[in-house]
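The values are calculated or read from the model by the stated rules, or taken from the named source; none is laboratory data. Values in this document were obtained by computation on a predicted structure and should not be read as measured data. FYI the Cβ positions are ideal-geometry reconstructions off the backbone, even for glycines, and counts take in every protein chain you see.
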Amino acid sequence: MKQRLRFSSLVRTGVALCMAAHLGAALAQTAAAPLQTLRILGGLAGVNQYSRNEEPFWTQELRRLTDGKYAAEIVPFDRAGVPGPELLRLMQFGVVPFGTALLSNVSTQNPDLAASDLAGLNPDLATLKKNLSAFRPYLEKTLRERHGVELLAIYTYPAQVIFCKTALAGLGDLAGRRVRVSSATQADFVTALNAHPVLLSFAQVAPNLASGNTECAITGSMSGNTLGLHALTSHMYAMPITWGLALFGANLSAWRSLPSDLRATLSKELPKLEAAIWTESERETAEGFACNRGLASCTTGRKGAMTEVATSAADEKRRQELLVSTVLPRWLQRCKLRCAEVWNQTLGASSGITLPPSP
């Protein structure tokens with residue numbers, strides 16, 4: 001009898017322990033589940049800005065930084081079926097609560113927003129940083145007040161340079177060639193050189209070069225390597241035409257409705273992500289040249305055998321002349337209302353170029 005009671009007691013204890021274990025596991029699972037999962041539209045697919053920086057931050061770092069309270073899912077906008085030029089409007093309406101928009105895309109409807117990266121304006125990264133610093137307060141204010149979007153970060157791609165299938169010694173050799181461009185301001189620059197701009201998305205660059213539809217392309221030094229341009233082209237002109245800025249922002253209502261602790265974490269950590277992307281873009285500009293040329297210093301790309309053409313003093317002078325004589329006037333034609341005043345109040349001092357006031 002005592003043995004039976006002892007056995008019954010052991011069974012009850014075992015059942016209780018088992019239930020406690022299951023309850024503990026359930027509670028642990030509940031505690032590990034994030035309180036909120038953000039949906040993020042990221043930048044271009046297939047480039048290192050996305051794969052090495054944006055994607056890991058949202059899919060791994062956010063959960064770690066918040067001790068598992070919050071998580072995120074991210075997809076590149078160009079693989080999500082979202083038209084780049086419509087991204088800002090979709091963010092404004094809350095269809096896309098958090099998104100990355102290329103300024104070259106949104107500038108088709110809002111030319112003023114891309115003023116800090118006009119073709120020929122920034123011959124190096126230091127100049128780009130200086131000009132963006134002067135323009136950023138206007139960009140933040142305009143996005144918030146006109147579009148209902150909170151600017152959270154600004155990213156840059158590596159220097160956008162010229163790749164060609166046949167030899168070129170300088171800008172003048174582009175005359176008569178069909179050149180891929182990604183924005184109206186690049187088209188202005190190319191047209192002024194008597195070349196023929198062909199507006200294509202990033203994904204269309206390699207197929208168009210391979211088919212012969214274009215002879216040259218403006219794209220990032222490392223981005224071009226990722227696309228395989230080291231095998232499709234022979235010459236690379238080192239002058240940065242633009243850099244390729246992208247804004248990361250949130251629908252204002254979506255941003256303000258986030259829990260305060262999550263908003264505080266993102267406000268602290270997104271500037272670090274921005275800084276990391278800028279540092280990598282500078283490194284990748286040089287790495288892109290090294291890989292396309294097939295140098296031993298190439299460690300992350302595919303080695304080619306391209307000829308790198310250095311920027312001549314004559315072309316540096318021509319860049320400045322084209323900016324003033326063609327690029328800025330055509331930007332003003334598209335931009336219209338108050339854009340000369342906006343330029344003078346923001347970029348005039350940093351660039352050393354003052355525009356006459358709008359009539």
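Out of Leu258, Leu168, Leu174, report the one residue that is surrounded by fewer than 24 Cβ atoms within 10 Å (Cβ to Cβ) and under 30 Å from His147 (Cα atoms).
Values: Leu168 fails: under 30 Å from His147 (Cα atoms); Leu174 fails: under 30 Å from His147 (Cα atoms).
On inspection, the qualifying residue turns out to be Leu258.
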| note | Leu273 vs (1) closer than 30 Å to Ala72 by Cβ; (2) surrounded by 13 or more Cβ atoms within 10 Å (Cβ to Cβ); (3) out of contact with any helix residue (DSSP H, G or I) (no Cβ under 8 Å at 6 or more places or on another chain); (4) of a type in the set (A, V, I, L, M, F, W, C): all pass except (3)
| said: Condition first: crowded, with 24+ Cβ neighbours inside 10 Å and more than 30 Å from Thr265 (Cα to Cα). Now tell me which residues in the range 137-165 satisfy that. | reply: Ala159, Gln160, Val161, Ile162, Phe163, Cys164
| query | Are any residues in the range 294-347 among the hydrophobic types (A, V, I, L, M, F, W, C), surrounded by fewer than 15 Cβ atoms within 10 Å (Cβ to Cβ) and closer than 17 Å to Leu193 by Cα, and if so, which ones? | reply | Ala313, Ala314, Val324
| Of the conditions (1) within 30 Å of Asp173 (Cβ to Cβ); (2) surrounded by 17 or more Cβ atoms within 10 Å (Cβ to Cβ); (3) under 22 Å from the mean Cα position of the chain (by Cα), Arg283 fails just one. Which one is it? | (2)
| note | Of the residues in the range 330-348, those that are among the charged types (D, E, K, R) and more than 17 Å from Lys141 (Cα to Cα) come to Arg330, Arg334, Lys336
| Scanning the range 107-121 for residues that are under 11 Å from Thr185 (Cβ atoms) and aliphatic (A, V, I, L, M), which turns out surrounded by the fewest Cβ atoms within 10 Å (Cβ to Cβ)? | Ala114
| request: Could you grab the pairs with beta carbons closer than 9 Å, sequence gap of 6+ or different chains, first residue in the range 327-355 and in contact (Cβ under 8 Å) with a residue 40 or more places away in the chain, second one surrounded by fewer than 16 Cβ atoms within 10 Å (Cβ to Cβ) and hydrophobic (A, V, I, L, M, F, W, C)? | output: Leu328/Ile353; Trp343/Ile353; Leu347/Ile353
| Among the residues of the range 122-129, is there at least one that is assigned to a loop (DSSP other than H, G, I, E, B), surrounded by 22 or more Cβ atoms within 10 Å (Cβ to Cβ), at pLDDT 95 or above and touching a strand residue (DSSP E or B) at 6+ places or on another chain (Cβ under 9 Å)? | yes
| remark: Thr226 fails exactly one of (1) over 14 Å from the mean Cα position of the chain (by Cα); (2) modelled with pLDDT of 95 or more; (3) not charged (D, E, K, R), namely (2)
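Can you find, within the range 195-216, the residue that is farthest from Gln333 (Cα to Cα) among those that are assigned to a loop (DSSP other than H, G, I, E, B) and touching a Lys or Arg at 6+ places or on another chain (Cβ under 9 Å)?
At the first step, the residues of the range 195-216 found to be assigned to a loop (DSSP other than H, G, I, E, B) are 195, 200-201, 212-215.
When the remaining residues are screened for being touching a Lys or Arg at 6+ places or on another chain (Cβ under 9 Å), the result is 195, 200, 212-215.
Details: Ala195: 21, Leu200: 22, Gly212: 32, Asn213: 29, Thr214: 27, Glu215: 29 Å.
Here the answer is Gly212.
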| Restricting the search to the range 231-262, which residues are more than 18 Å from Val96 (Cα to Cα), in a strand (DSSP E or B) and of a type in the set (A, V, I, L, M, F, W, C)? | Met236, Ala238, Met239, Ile241, Leu245
| request: Just give me the residues in the range 177-194 being free of Cβ contacts under 8 Å to residues at least 60 places away in the same chain and not in a helix (DSSP H, G or I), in sequence order. | output: Arg177, Arg178, Val179, Arg180, Val181, Asn194
| task | Can you tell me which residue among Leu273, Leu347, Leu322 is assigned to a helix (DSSP H, G or I), at pLDDT 95 or above and under 30 Å from Trp58 (Cβ atoms)? | result | Leu273
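Residues are listed down the side, and each one gets a yes or a no for (1) on the phi > 0 side of the Ramachandran plot; (2) touching a Gly at 6+ places or on another chain (Cβ under 7 Å):
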| site | (1), (2) |
| --- | --- |
| Pro137 | no, no |
| Glu145 | no, no |
| Val149 | no, yes |
| Leu171 | no, no |
| Gly176 | yes, no |
| Phe202 | no, no |
| Asn208 | no, no |
| Gly212 | yes, no |
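Being in contact (Cβ under 8 Å) with a residue 24 or more places away in the chain, surrounded by 19 or more Cβ atoms within 10 Å (Cβ to Cβ) and either among the aromatic types (Phe, Trp, Tyr) or not in a helix (DSSP H, G or I) (or both) narrows it down to one of Leu132, Leu41, so name that one.
Values: Leu132 fails: either among the aromatic types (Phe, Trp, Tyr) or not in a helix (DSSP H, G or I) (or both).
Among Leu132, Leu41, only Leu41 is in contact (Cβ under 8 Å) with a residue 24 or more places away in the chain, surrounded by 19 or more Cβ atoms within 10 Å (Cβ to Cβ) and either among the aromatic types (Phe, Trp, Tyr) or not in a helix (DSSP H, G or I) (or both).
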| message | Being more than 12 Å from Arg39 (Cα to Cα) and surrounded by fewer than 18 Cβ atoms within 10 Å (Cβ to Cβ) is the filter here; which residues of the range 50-79 pass it? | response | Ser51, Arg52, Pro56, Gln60, Glu61, Arg63, Arg64, Leu65, Asp67, Gly68, Arg79
| field | Where a residue in the range 293-315 is at positive phi and its partner, wherever it lies, is at pLDDT 95 or above and of a type outside the set (A, V, I, L, M), with Cβ under 6 Å and at least six apart | value | Gly294/Lys303; Gly294/Gly304
